[in-house]
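One structure is given below, encoded as structure tokens.
Every read-out reported here was derived from the displayed coordinates using simple, explicitly stated rules and does not represent laboratory data. A quick note: this is a predicted structure, and the numbers were derived from the prediction, not measured. Virtual Cβ from ideal backbone geometry, glycine too; neighbours counted across all protein chains shown.
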Amino acid sequence: MDYATLIADQQAGLANLLDQLTERERFVLDKHYREGASMKALADQHHVNENRIRQIIRHAVKKCQVKELLLYVADGFAARTNALTEQAAQAERLYCQHLSMEGVHLYRLEAGALDLPVKVLHTLDRASVHAIRDLVILSQYEAGLCRIRMLGASLGEADHSAPAIGRTVASGV
């Protein structure tokens, strides 16, 4: 796919994809693929060996191959965001229908409404996850929940709470 053939919305999706990379990864990819800089020249510039440059490129390309992020490029950023928003709204309507909840916006409930241990709630709060919606959006990315420090261990402790989540939300807490 040629950059010149991308519409503005797809270019925004590509920018979003590249934002997932570190500054160093973006710089190395840009210099190597756009400007044709050799790996040796890049290695000399960064004071590392060529194998490290290969490793940086391989790691960056692997990050760019995440299906969820590639859909932002293929569909366009705004189009993909709108599709996910609609999908989330539909899922919320079906869930609320299933639990006979009217007027409750499940995704806007605070994370504290879930029956989770305090340690998990504090971990989510430190990661700026305040509503169930934030948690759902973060889970859309392959490594999204893994980025929250100490969440894996905390959720392991909370596994016993999973069945209680539906009851808590259904009761309107």
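Couple of notes before you dig in:
- Shown in residue order for region 85-95 are the 3J(HN,Hα) couplings computed by the Karplus curve 6.51 cos²θ - 1.76 cosθ + 1.60 at θ = phi - 60°: 5, 5, 4, 5, 5, 5, 4, 5, 4, 5, 5 Hz (x for Gly and Pro).
- Reachable lysines, given that their alpha-carbon falls under 24 Å from the alpha-carbon of Lys62 and they are not under 8 places away in the same chain: Lys31, Lys40
- What the phi angles of region 5-17 give under the Karplus curve with 6.51, -1.76 and 1.60, with θ = phi - 60°, is a coupling list of 8, 6, 6, 4, 5, 5, 5, 5, x, 5, 4, 4, 4 Hz, glycine and proline written as x.
- For region 3-75, the mean projected area of the C-alpha convex hull, equal to one quarter of the hull surface, is 4.8 nm².
- The peptide list 74-82, 33-41, 15-23, put in order of mean Cβ contacts within 10 Å with the highest first, becomes 74-82, 15-23, 33-41.
- Dipole magnitude (debye, nearest 20) for region 29-122, charges at Cβ of Lys, Arg, Asp, Glu: 580
- For region 53-65, putting each phi into the Karplus relation 6.51 cos²θ - 1.76 cosθ + 1.60 with θ = phi - 60° gives couplings of 5, 4, 5, 4, 5, 4, 5, 5, 5, 4, 4, 6, 8 Hz, in residue order, rounded to whole numbers and with x for Gly and Pro.
- Dipole moment magnitude, nearest 20 debye, region 3-75 about Cα centre, only Lys, Arg, Asp, Glu C-beta charged: 360
- From least to most packed, judged by other beta carbons within 10 angstrom and beginning with the fewest, Ile132, Ile57 follow the order Ile57, Ile132.
- Nonlocal amide H pairs with Ala131, under 5 Å, H built at 1.01 Å: Ala111
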